[in-house]
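Just so you know, all these numbers are worked out from the coordinates, no wet-lab data involved. Predicted, not measured: the structure shown is a model, and the values here were computed from it. Here Cβ is always computed from backbone atoms with ideal geometry, including for glycine, and neighbour counts include all displayed protein chains.
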């Protein structure tokens, strides 16, 4: 499969009591195309662009991409002429993140 697009959609929750940030989301390859494929980024700890780093790790693990370990996913996409879209919704509730896993597994 030739990858034409990579779309990352994530949600973030900040645990005010413990001061930790968590995220969950999905990675979609070739969004809206016949060979569309989606991967889950399960609920996990992470700050800033951790969700993008996790997306790259998952795609590498499933042999969908290969690139230098230190190379950001956005740069990999630029070099390989892949359309890259990434978004994260901030200030979500913990249950919103857990719901991503539930919807993915259905």
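Points worth noting:
- Cα-based helix-to-principal-axis angle, 50-61 vs the chain, degrees rounded to 10: 50
- Descending by average beta-carbon neighbour count within 10 Å, the peptides 47-56, 62-71 line up as 47-56, 62-71, the highest first.
- The range 5-86, relative contact order in percent, only Cα pairs under 8 angstrom and at least six apart counted: 29
- Evaluated at q = 0.21 Å⁻¹, a Debye calculation over the C-alpha positions of the range 5-86 (equal weights, vacuum) places log10 I(q)/I(0) at -0.96.
- Linear extension gain, residue 75 paired with residue 102, 0.36 nm per residue minus alpha-carbon span: 6.6 nm
- Order of 89, 100, 3 under a 10 Å beta carbon neighbour criterion, fewest first: 89, 3, 100
- 0 to 90° range, to nearest 10: angle between helix 94-105 axis and the chain longest Cα axis: 40
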